[in-house]
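K.L.:
Could you have a look at this structure, given as structure tokens, before my questions?
No value in this document is a laboratory result; all are computed from the given coordinates. Since this is a predicted model, take the numbers as computed values, not measurements. Because the Cβ atoms are built from the backbone with ideal geometry, glycine has one as well, and the counts that use them run over all protein chains shown.
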Amino acid sequence: MELLVVGSGAAYPDRPGTASSTYVVTHGGERICLDLGQGGFAGLAGRFEPSALLAVVVSHLHPDHFIDLVALRHYLRYEFDPPRRVRVVAPAGLAGRLDALLAEPGFAAASLDAEARAEGVIQVGPFMLESRLVTHTDESYAVRISLAAEPASPGLVYSGDCGRADDLAPLVRPGDTLLIEVAFGAGPVPVGDLHLDGPAVGALAAATAPARVLLTHLQMGRDPAATMAAVQARYPGPVELVADGDAFAA
Ligand SMILES: [Zn+2]
Ligand SMILES: [Zn+2]
């Protein structure tokens, strides 16, 4: 599998050119997209044919994780005759959110095949996706992705947004790549904010032994070096803060 970071930003990135929460996993020319935040669509369309995505898998219904489904929907509807369609696996209510934004009932359904996400395992093309609820919104998921043909091989765990690191522990197997939000940098996380910080990520990684930790979703104004140090103080393996355009074998 290959992981491409299309968008690494949080709710309001301040690094010019940074998109939010958009990650593509590829194997054998087949692709899924994990989240599609603001600016993410251009990062897809500039690299490959978005209509060929096997699915867009949405972690939760905060706009920095799904709002560019509007751009994808327009693209599928207006670039092709007949319009093309893409499967979207998302928490309940996604289509209603998109329809309300446009004040247009049926807007999403015109080109997006939305299906309800749930805990458990589904297969999408060559990928096995194990979803697990995490503490964030009423319905937020983390996911572990592995290859159906190689179930014993290392996987990729993506946290989505997560307010409790322990929620992720059942998904992470030794040797996996852990792509994890670190919204509050070196910490601490303000009381009531359901996100992670470096100490929480480091402790989780120390307990679950991924092969490496890829940090993402760092909020504006948080210091990258201090964030890395907070993780590395607890976890001895490789740690990286990802940026848009980074690619990894996973
Ligand atoms: Zn977010
Ligand atoms: Zn969120």
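K.L.:
What is the magnitude of the charge dipole of the chain about its Cα centre, with +1 placed on the Cβ of each Lys and Arg, -1 on the Cβ of each Asp and Glu, and no other charges, expressed in debye to the nearest 20?
P.N.:
240
K.L.:
Let me ask something else about it. Which one of Gly37, Gly46, Gly125 has the biggest mean-square fluctuation once the chain is modelled by GNM with Cα springs under 10 Å?
P.N.:
Looking only at Gly37, Gly46, Gly125, the largest GNM fluctuation is found for Gly46.
K.L.:
Here's another thing I want to ask about it. Ratio to report: Rg/Rh of the range 5-88, with Cα atoms as the point set and Rh obtained by the Kirkwood method; give two decimals.
P.N.:
Across the range 5-88, the Cα-based Rg/Rh ratio is 0.96.
K.L.:
Here is a further query. If r is the Cβ-Cβ distance from Ala149 to Ile122 and R0 is 25 Å, what FRET efficiency results, to the nearest 0.05? Could you put the intermediate results ahead of the total?
P.N.:
Values: r = 16 Å, r/R0 = 0.63.
With a Förster radius of 25 Å, E is 0.95.
K.L.:
Using a cut-off of under 11 Å, list every residue of the range 74-90 whose amide N is near the label point 7 Å from the Cα of Asp138 along the Cα-to-beta-carbon line.
P.N.:
What the label zone holds, given the 11 Å backbone N cut-off, is no residue at all.
K.L.:
Among Leu112, His62, Pro126, pick out the residue whose Cα is farthest towards the positive end of the charge dipole of the chain, where Lys and Arg carry +1 and Asp and Glu carry -1 on C-beta, about the Cα centre.
P.N.:
Ranked along the dipole, the leading option is Pro126.
K.L.:
Just the number, please: percent antiparallel of the DSSP beta bridges in the range 2-244, rounded to the nearest 5.
P.N.:
55
K.L.:
What distance in nm lies between label points placed 7 Å from Cα along the C-beta direction at Gln232 and Ala209?
P.N.:
Here the modelled spin labels are 2.3 nm apart.
K.L.:
Further question on the same structure: What is the chain's relative contact order, in percent, from Cα pairs under 8 angstrom and six or more apart in sequence?
P.N.:
Value for the chain: 17 percent.
K.L.:
After finding the eigenvalues of the alpha carbon gyration tensor for the range 102-250, what semi-axes result from the square roots of 5 times each, listed largest first in whole Å?
P.N.:
On the way: eigenvalues 141, 86, 40 Å².
Ellipsoid semi-axes (Å, largest first): 27, 21, 14.
K.L.:
Right, here's the next one. For the chain, take N as its residue count and report Rg(C-alpha) divided by 2.2 N^0.38 Å.
P.N.:
Ratio of Cα Rg to 2.2 N^0.38 Å: 0.95.
K.L.:
Under a Cβ-Cβ cut-off of 14 Å, what is the net charge of the residues other than Ile180 that fall near it, where Lys and Arg count +1 and Asp and Glu count -1?
P.N.:
On the way: positive: Arg132, Arg144, Arg164, Arg212, Arg234; negative: Asp35, Asp161, Asp166, Asp167, Asp176, Glu181, Asp197, Glu240.
Neighbour charge sum, excluding Ile180 itself: -3.
K.L.:
Then there's this: How high is the relative contact order of the range 147-226, given as a whole-number percent (alpha carbon pairs under 8 Å, six or more residues apart)?
P.N.:
Over the range 147-226, the number comes to 33 percent.
K.L.:
When Lys and Arg each count +1 and Asp and Glu each count -1, what net charge do the other residues less than 10 Å away from Leu129, Cβ to Cβ, add up to?
P.N.:
Summing Lys/Arg as +1 and Asp/Glu as -1 gives +1.
K.L.:
Under the rule of at least 5 residues apart or a separate chain, name every residue whose amide H is placed under 5 Å from the amide H of Val134.
P.N.:
Under 5 Å from the amide H of Val134: Ser140, Tyr141, Ala142.
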